[in-house]
Amino acid sequence: MSVQNVKRILLGTPIATAHAAHERLGPLTGLAIFASDALSSVAYATEEILLILTLAGAAALGLAFPIAIAIGVLIAIVVSSYRQTILAYPQGGGSYVVTRENLGRYPSLVAGAALLVDYVLTVAVSVAAGIAAITSAIPSLYPHRVTLCVVGVTVIAIGNLRGVRESGRLFALPTYLFLGAYFLLIGSGGLQWLRGAVAGAPAPAPVGGEALTAFLALRAFSSGCAALTGIEAVSDGVPAFRPPEARNARRVLLALGVILVALFLGISALAYAFGVVPMEGETVNSQLARRVFGESPLYYFIQAVTMLILVLAANTSFADFPRLASFLARDRFIPRQFANRGDRLAFSNGIIILALLSIGLLLLFRGNTHALIPLYALGVFVSFTLSQASMVRYWFRHRGSRWPFRALLNGAGALATAVVALIIGLTKFTHGAWMVVVLLPCMIVVFVAIRRHYDDVAVQLSVEGVPSRSPLATHSVLMLVGDVHRGMLAAMQYAQALSPSARGVYVEVDPEQTRRFEERWAKFSGGMPLVVLRSPYRAVTGPLLDYLDLLQRQEPNQVITIVLPEFVPARWWQHLLHNQTALLIKGALLFRKGVVVTNVPYHLER
């Protein structure tokens, strides 16, 4: 089976560019694709709060729900702010685009770099948390969690390479099953709590070794802020919605905010009511489901859909990372290949790179969610802050209806997210956030260097100021030969068609072999001149380069065409049985000015 056949099976048949409009998303499918990341964070955000508070013992656990309420208020502020962004940027108002147009190049690069990092971490954290959910229900899979993480990322990447609409179909059902299961869990648990029929004994209270300080409470708050990651995805992906794009996107973002706050506060309240604390080998949500439903099929169903939504929540990053990369590539800050769409109208290069980076992180951190969380959320809150600050300037510049209120709303969002970014940076710095702090400036330096390269290329290729008719350069044609064969005869005809004064060039590594070659050359060359280059050290490229230096010194303005006869074996493995001299010569001449290399292939039949 050929590579193309395998590609068609995995990715499907190509989609014409003219059909791009048919790949748009409705509100229900859009919620599944763009909101799954934020919604799925309820599976681990409460646990991250409790994990920090347990360091101060049982007395600190009472702060978990107040912290969750503060995060819920923050979610409402950010959602309201981003609804204004969608209104102002119906063509797609991601943090990078909004910041570039209102605050300039370097702030936008900070926002872009922060989001790229956060998208990679989102995939790693979501997949690791999803696999943790299933290993909580099936402990025998725990030793294989890293392998399962890699498989999960690979499946999501393939789903996204198939295109936007197909990935939406693939991920819609798990998203809505997750919502139904968790509302059932919260409703059933809440009824048991109100009736005083809490199943089983409370989990043992932790014995902490740290004092309950404001700094520890802020650490818990910053860990719980992982619940906000993914909210910006809807504003990034407005163009992916069906018309009216902005209206559909605003509806999806509002629904996301309401559902996210309800689920997050519900899980946090249940965890407090049931006295659940983090423990090795089982997640807080698994403990809650086990306490509410026991070892029933409903418990395993909740764990299964939790695993699915967490693994598939990475799809939000797979939708937005390639799109953001395409914006940066279009502005020439990263390689322009990221702006190309694949056969299925997806930004394939961005999807593949995101998958590889995420798999690398999962391998490095052994699929451990708690090890990845300290790196998480800082980048996204930096981008939140820049985006909302940009929107304040936007309203002052463009005004419009109710602009003071809108500016105030975005200003509140900018202030709140800036404070949270500062808290996350301070409280998580020594726990891994320093890596993100160091990485962002390095990425910006790379962005600027790439842009400088593209600008230099544009200047050097520009035809402005070039005379309409340049002086005609002389043309020399050299055919490099190593033996007399049918492929050489075909190349000889091509070389003589280019120039009647074409010459053959032969590099001598063995004088006796040269004598036999010259006899055959005289018989079959039809009188074409032959230049023999001596090579006492048996190298081919060195004497050839020296000869080219000589020719170019004699006539600097000439163009030299090197014709390379090359026979092509019928089977791929047959290439391994032959010297790759032509490949070495092409590599040696690739960066040489004034030299053109032309291959003349001769295809073998068996």
Keeping every protein chain in place, order Lys428, Lys593 by accessible area at 1.4 Å, biggest value first, i.e. largest first.
Lys593, Lys428
Per the 1.4 Å probe, what fraction of the accessible area of the chain, in percent, lies on carbon and sulfur atoms?
65
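Going by accessible area, probe 1.4 Å, with all protein chains left in place, what is the ranking of Glu295, Glu518, largest first? Don't jump to the answer; show the numbers that get you there.
Details: Glu295 110, Glu518 80 Å².
Greatest to least solvent exposure: Glu295, Glu518.
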Near Lys428, which aspartates and glutamates are there with a Cα under 20 Å away, not counting those fewer than 8 places off in the same chain?
Glu47, Glu48, Asp118, Glu210
Nearest 10, in degrees from 0 to 90: the angle of helix 105-137 to the longest Cα principal axis of the chain is 70
Contact order relative to length of the chain, as percent, for alpha carbon pairs under 8 angstrom and 6 or more apart:
21
Under 17 Å from the Cα of Lys586 - aspartates and glutamates, other chains or at least 8 residues apart
Asp546, Asp549, Glu566
What percentage of all Cα-Cα pairs in the range 460-553 are separated by more than 20 Å?
48
³J(HN,Hα), Karplus 6.51/-1.76/1.60, whole Hz, each residue of the range 593-600, x for Gly, Pro
6, x, 10, 10, 10, 10, 8, 10
Excluding residues on the same chain fewer than 8 positions from Lys523, give the aspartates and glutamates whose Cα lies under 17 Å from its Cα.
Asp483
Any idea what the dipole of the range 304-418 comes to, in debye rounded to 20, about its Cα centre with Lys/Arg Cβ at +1 and Asp/Glu Cβ at -1?
500
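If you place +1 on the Cβ of every Lys and Arg and -1 on the Cβ of every Asp and Glu, how big does the dipole about the Cα centre of the chain come out, in debye to the nearest 20?
Dipole magnitude for the chain comes out near 1220 debye.
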With angles folded into 0 to 90 degrees, how steeply does helix 145-161 sit against the dominant principal axis of the chain? Use alpha carbons for both and round to 10.
70
Considering only DSSP beta bridges with both partners in the chain, what is the antiparallel share in %, to the nearest 5?
5
With the crude spin-label approximation of a point 7 Å out along Cα→Cβ, what separation in nm comes out for Gln460 versus Arg520?
4.1
Whole-Hz ³J(HN,Hα) from phi, Karplus 6.51 cos²θ - 1.76 cosθ + 1.60, for the range 272-281, glycine and proline x:
5, 5, 8, x, 7, 10, x, 8, 5, x
Rounding to the nearest 20 debye, state how big the charge dipole of the range 434-553 is about its Cα centre with +1 on each Lys and Arg Cβ and -1 on each Asp and Glu Cβ.
220
In the range 477-606, taking the dipole from +1 charges on Lys and Arg beta carbons and -1 charges on Asp and Glu beta carbons about the Cα centre, the listed residue (Val507, Phe591, Pro536) farthest towards the positive end is Phe591
What are the residues whose amide H is under 5 Å from the amide H of Gly504, where those residues sit 5 or more places off or on another chain and H is modelled from the backbone?
Met479, Leu530, Val531
What nm value, rounded to one decimal, do you get for the distance between Val73 and Ile138 when each label is placed 7 Å out toward the C-beta?
4.4
Find how many whole Å separate the alpha carbon centroid of the range 54-108 from the alpha carbon centroid of the range 531-606.
59
Which value in nm describes the separation of the simple spin-label points at Leu28 and Thr430, placed 7 Å from the Cα toward the beta carbon?
5.2
Give me the angle, in degrees from 0 to 90, between the Cα long axis of helix 64-88 and the longest principal axis of the Cα atoms of the chain, rounded to the nearest 10.
50
Among Ile134, Phe264, Thr316 the positive-end extreme of the charge dipole of the chain (Cβ point charges)
Thr316
If you plug each phi of the range 222-227 into the Karplus form 6.51 cos²θ - 1.76 cosθ + 1.60 with θ = phi - 60°, what whole-Hz ³J(HN,Hα) values come out, in order, with x for Gly and Pro?
5, 5, x, 5, 4, 5
Out of (1) 21, 55, 21, 2; (2) 17, 46, 28, 8, 1, 0; (3) 18, 40, 24, 15, 4, 0, which label holds the value of P(r) over Cα pairs in 20 Å bins from 0, in percent that was computed here?
(3)
Using a 1.4 angstrom probe, figure out how much accessible area the chain has per residue, in square angstrom, rounded to the nearest whole.
46
With N residues in the range 204-354, Rg(alpha-carbon) / (2.2 N^0.38 Å) equals 1.37
Among Ala377, Pro66, Gly112, the residue whose Cα sits farthest towards the positive end of the charge dipole of the chain, when +1 is placed on the Cβ of each Lys and Arg and -1 on the Cβ of each Asp and Glu, is Gly112
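The values are calculated or read from the model by the stated rules, or taken from the named source; none is laboratory data. Owing to the predicted nature of the structure, the values given are computational and were not obtained by experimental measurement. Because the Cβ atoms are built from the backbone with ideal geometry, glycine has one as well, and the counts that use them run over all protein chains shown. Remember, those area values only see protein heavy atoms, side chains included, never the ligands or the DNA or RNA. Shrake-Rupley method; radii C 1.70, N 1.55, O 1.52, S 1.80 Å.
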